[in-house]
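First up is the structure itself, then whatever we jot down about it.
The values are calculated or read from the model by the stated rules, or taken from the named source; none is laboratory data. Predicted model only: the values in this text are computed from it and were never measured. Glycine gets a Cβ as well: all are built from the backbone with ideal geometry, and neighbour counts include every protein chain shown. To get the accessible areas, we keep the full protein, side chains included, count just its heavy atoms, and leave off ligands, DNA and RNA. Shrake-Rupley method; radii C 1.70, N 1.55, O 1.52, S 1.80 Å.
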Amino acid sequence: MKEKIYLIPGLMTDERLWSRLIPFLENDYELINVPIPHSEDFDEIIDILFNSFEEEKINLLGFSLGGYIASYFAITYSNRVNRLFTVAATPGNTTEAEIQRRKQKFVTIEKEGFVGLTYEKAKSLLEEKNQNDVELIELIQNMFLDLGKESFISQLTSTFYRKDLFEDLTNLDIPIWFFYSKNDRLLNKEAIKNLLLDTHNMNVISREGTSHNIPLEEPELLSINIRAWMKA
């Protein structure tokens with residue numbers, strides 16, 4: 001029987017986020033997508049997740065916002081987690097400047113309606129080497145549009161209430177891995193600095209490049225690290 005890995009996607013992404021990763025892992029692991037519950041409250045989100053996991057203890061991997069949620073879950077329900085892996089995510093809080101930028105997005109939606117991502121905007125989220133991948137660009141656009149306005153407002157609002165989880169994570173006695181791109185402009189640089197400079201037992205792995213959407217842009221490299229984490 002294959003060991004299970006529960007996967008939590010990020011802001012405005014769904015099970016399609018894993019579509020390029022699955023072929024590298026499906027022979028050895030059962031990969032289960034867990035949608036982010038509709039709530040602005042992290043405590044409510046993890047309680048919903050708590051009731052959705054069948055096993056006593058789980059392997060939990062989260063991408064971006066899903067990585068924060070996975071970390072929050074691991075801290076709150078540490079007896080339910082075997083190991084934790086976060087991709088393109090930090091355990092830090094949201095800066096005031098970032099909160100203001102995100103609130104501005106709500107103002108824009110009120111004025112102009114919810115229009116999703118333009119082709120150019122979706123393209124700009126990708127690393128330069130992937131900016132000619134039309135299928136990938138349209139996949140990002142489609143996930144955003146299909147999840148829609150309610151999910152966007154709910155998920156973005158939840159990010160206003162992030163607290164710093166770094167210290168709590170260092171107290172957990174499970175394998176914890178962070179995997180990110182060194183020049184990912186969507187990551188909290190201060191939180192990355194803490195991960196790199198502080199003494200802790202967590203495994204911090206970086207790759208060169210700007211990619212935030214690592215599961216779609218670097219699925220093979222990610223799968224190699226996931227395999228190593230599962231053996232940890």
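Scanning the stretch 81-98 for residues that are within 17 Å of residue 185 (Cβ to Cβ) and β-branched (Val, Ile, Thr) yields 87, 90, 94, 95. Out of curiosity, is residue 85 without any contact (Cβ under 8 Å) to a residue 40 or more places away in the chain, outside any loop (DSSP other than H, G, I, E, B) and surrounded by 24 or more Cβ atoms within 10 Å (Cβ to Cβ)? Judged against the criteria, residue 85 is not a match. Applying the criterion of being among the β-branched types (Val, Ile, Thr) and not in a helix (DSSP H, G or I) to the residues of the stretch 139-179, the residue that is surrounded by the most Cβ atoms within 10 Å (Cβ to Cβ) is 176.
Restricting the stretch 1-55 to residues that are of a type in the set (S, T, N, Q) and over 18 Å from the mean Cα position of the chain (by Cα), the residue that is modelled with the highest pLDDT is 27. Can you work out which of the residues in the stretch 207-229 that are open to solvent by 10 Å² or more (accessible area, probe 1.4 Å) and small (Gly, Ala, Ser) is nearest to residue 177 (Cα to Cα)? By that ranking, first place goes to 228. Against the definition (of a type in the set (Val, Ile, Thr), farther than 21 Å from residue 86 by Cα and either surrounded by fewer than 17 Cβ atoms within 10 Å (Cβ to Cβ) or more than 15 Å from the chain's Cα centre (by Cα) (or both)), how does residue 134 come out, yes or no? For residue 134, the condition - of a type in the set (Val, Ile, Thr), farther than 21 Å from residue 86 by Cα and either surrounded by fewer than 17 Cβ atoms within 10 Å (Cβ to Cβ) or more than 15 Å from the chain's Cα centre (by Cα) (or both) - is met. Out of everything in the stretch 188-212 that is part of a loop (DSSP other than H, G, I, E, B) and at pLDDT 95 or above, what residue ends up being nearest to the chain's Cα centre (by Cα)? Restricting to residues being part of a loop (DSSP other than H, G, I, E, B) and at pLDDT 95 or above, the top hit is 212.
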